[in-house]
Amino acid sequence: MKFFELLNKACANEGLEFDEDKYNKLMQYKDLVIEWNEKINLTAITEEEEFIKKHFIDSIKVFRSSELKNSKKIIDIGTGAGFPGIPIKIINPDIEVVLLDSLNKRVNFLNEVINKLQLKGVTAIHGRAEDFAREKKYREAFDTAVSRAVANMAVLSELCIPYVKVNGHFIALKGPAVDEEIKEGLKAVTTLGGVVEKVIEVEVENTDLNHNLVVVKKVKETPKVYPRKAGTASKKPIK
Ligand code: SAM
């Protein structure tokens, strides 16, 4: 129970319940990441305490946004090894979670985690965000879309906002250059039907991580032409 107190405190700070079952699941998940990391590239962070802080606590901090707390169904775009989507699911098992990534090896890994931890109400899907957003089952079907470390705000908005219901939210985890990114991404946010509602600064104590949660509210439907064909958002961002 080496990291129990650290994680318990991180949850308590966000007004969240934590217990032994959640702790055990997080530890099992960490062990699986470290094990699979030998075969496929999942993370550069392997030192245990750093892993807990930079992957788990950073993911837990997304709950600082009441928009996530109030969500029933979310999607994590470009989830990689499952951040922030899997810690969110473990901490609040009532949230239905879809994890999306374009790398099949990572999706296979996520399915292994889902099976081993016996997580319910979570699915991992393989493909480009631009493609799934055209499917009826996924388009404008989520209360919230979250994403960490995938693309700049202009590109990411096109990958995420189409998934969000009108009146739902898109939460992007961003670094210290957030003001510049928002400025560059503003046209894309608006074009896709969003408005930047607020920026919440979250610091992960005793690390160099200084994240900002950019909370975008979806105020109108995304025009049918978006997202454009896979790859276009990054080649020709909406500016
Ligand atoms: N979100 C995770 C994290 O913070 O640890 C992973 C970040 S990793 C740097 C970026 C991930 O986004 C990769 O796993 C990549 O395969 C995925 N990705 C990039 N573009 C994508 C797209 N258009 N559709 C789906 N996944 C994408």
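Residue pairs whose Cβ atoms lie under 9 Å apart, sitting 6 or more positions apart in sequence or on different chains, and linking a residue in the range 17-39 that is over 18 Å from Pro84 (Cα atoms) to a partner that is surrounded by 12 or more Cβ atoms within 10 Å (Cβ to Cβ) and among the hydroxyl-bearing types (Ser, Thr, Tyr), do not occur here. Restricting the first member to the range 120-134 and to residues that are more than 10 Å from the ligand (Cβ to nearest atom), and the second to residues that are among the charged types (D, E, K, R) and open to solvent by 40 Å² or more (accessible area, probe 1.4 Å), the beta-carbon pairs closer than 6 Å and six or more apart or on different chains are Gly121/Glu96. Inspection of the range 87-97 finds a residue satisfying the criterion of being within 15 Å of the ligand (Cβ to nearest atom), in a strand (DSSP E or B) and at negative phi. Any chance the range 205-220 includes a residue that's outside any strand (DSSP E or B), more than 16 Å from the ligand (Cβ to nearest atom), over 30 Å from Leu7 (Cα atoms) and in contact (Cβ under 8 Å) with a residue 40 or more places away in the chain? Yes, some residue in the range 205-220 is outside any strand (DSSP E or B), more than 16 Å from the ligand (Cβ to nearest atom), over 30 Å from Leu7 (Cα atoms) and in contact (Cβ under 8 Å) with a residue 40 or more places away in the chain.
Would the range 76-86 turn up any residue that is more than 9 Å from the ligand (Cβ to nearest atom), on the phi < 0 side of the Ramachandran plot and out of contact with any helix residue (DSSP H, G or I) (no Cβ under 7 Å at 6 or more places or on another chain)? There is no residue in the range 76-86 that is more than 9 Å from the ligand (Cβ to nearest atom), on the phi < 0 side of the Ramachandran plot and out of contact with any helix residue (DSSP H, G or I) (no Cβ under 7 Å at 6 or more places or on another chain).
The residues in the range 185-213 that are within 30 Å of Glu48 (Cβ to Cβ) and either modelled with pLDDT of 95 or more or of a type in the set (Gly, Ala, Ser) (or both) can be counted, and the count is 5.
Listed by position, the helices (runs of 4 or more DSSP H) contained in the range 20-80 that have at least 3 residues being more than 16 Å from the chain's Cα centre (by Cα) and charged (D, E, K, R) are 20-36, 48-51. Scanning the range 158-182 for residues that are part of a helix (DSSP H, G or I), more than 12 Å from the ligand (Cβ to nearest atom) and out of contact with any Phe, Trp or Tyr (no Cβ under 7 Å at 6 or more places or on another chain) gives Val178, Asp179, Glu180, Glu181, Ile182. Restricting the first member to the range 225-239 and to residues that are open to solvent by 30 Å² or more (accessible area, probe 1.4 Å), and the second to residues that are part of a loop (DSSP other than H, G, I, E, B) and within 13 Å of the ligand (Cβ to nearest atom), the beta-carbon pairs closer than 7 Å and six or more apart or on different chains are Ala230/Arg128; Ser234/Ala151. Can you tell me which residue is nearest to Asn210 (Cα to Cα) among those in the range 1-58 that are among the hydroxyl-bearing types (Ser, Thr, Tyr) and open to solvent by less than 70 Å² (accessible area, probe 1.4 Å)? Selected residue: Thr43. If the condition is being in contact with a Ser or Thr (Cβ under 8 Å, 6 or more places away or on another chain), β-branched (Val, Ile, Thr) and surrounded by 18 or more Cβ atoms within 10 Å (Cβ to Cβ), then the range 192-221 contributes Val215, Val216.
Taking the listed residues Asn152, Asn167, the one that is open to solvent by 40 Å² or more (accessible area, probe 1.4 Å), over 30 Å from Glu48 (Cβ atoms), under 16 Å from the mean Cα position of the chain (by Cα) and not β-branched (Val, Ile, Thr) is Asn152, with no other qualifying.
The values are calculated or read from the model by the stated rules, or taken from the named source; none is laboratory data. Everything quoted here is computed from the prediction, not taken from an experiment. We place every Cβ from the backbone using ideal geometry, glycine too, and count neighbours over all the protein chains shown. Note: accessible area is taken over every heavy atom of the protein model, side chains too, but ligands, DNA and RNA are not part of it. Shrake-Rupley method; radii C 1.70, N 1.55, O 1.52, S 1.80 Å.
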